[in-house]
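The values are calculated or read from the model by the stated rules, or taken from the named source; none is laboratory data. Everything quoted here is computed from the prediction, not taken from an experiment. Methodologically, a virtual Cβ is constructed for each residue, glycine included, from the backbone with ideal geometry; neighbour enumeration extends over all protein chains shown.
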Amino acid sequence: MKIAICGKSTTVVLLSLALASTGKEVLVVDSDESNYGLHRQLGLDLPLDFTEFFGE
């Protein structure tokens, strides 16, 4: 099953953590450049941005 959510960060974080706690694989993609702290809400280290990840 695939679920796409467009909305507030808190909603995305809570739902993704709840799904992950049930054993589901979760991918969170943040396309909002002004929200630089979503990784902290998820308890993750700062990820590479897309240009670094895909080799510029």
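The table for this structure:
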item	result
Inter-residue pairs, beta-carbon under 8 Å, first closer than 15 Å to LEU15 by Cα and in region 35-47, second surrounded by 10 or more Cβ atoms within 10 Å (Cβ to Cβ) and among the aliphatic types (A, V, I, L, M), 6+ apart	LEU38/VAL12; LEU38/VAL13; LEU38/VAL28; GLN41/VAL13; LEU42/VAL13; LEU42/LEU17; LEU42/VAL28
Leading residue by the ranking (farthest from the chain's Cα centre (by Cα)) among those in region 21-34 that are under 21 Å from PHE53 (Cβ atoms) and modelled with pLDDT of 85 or more	GLU25
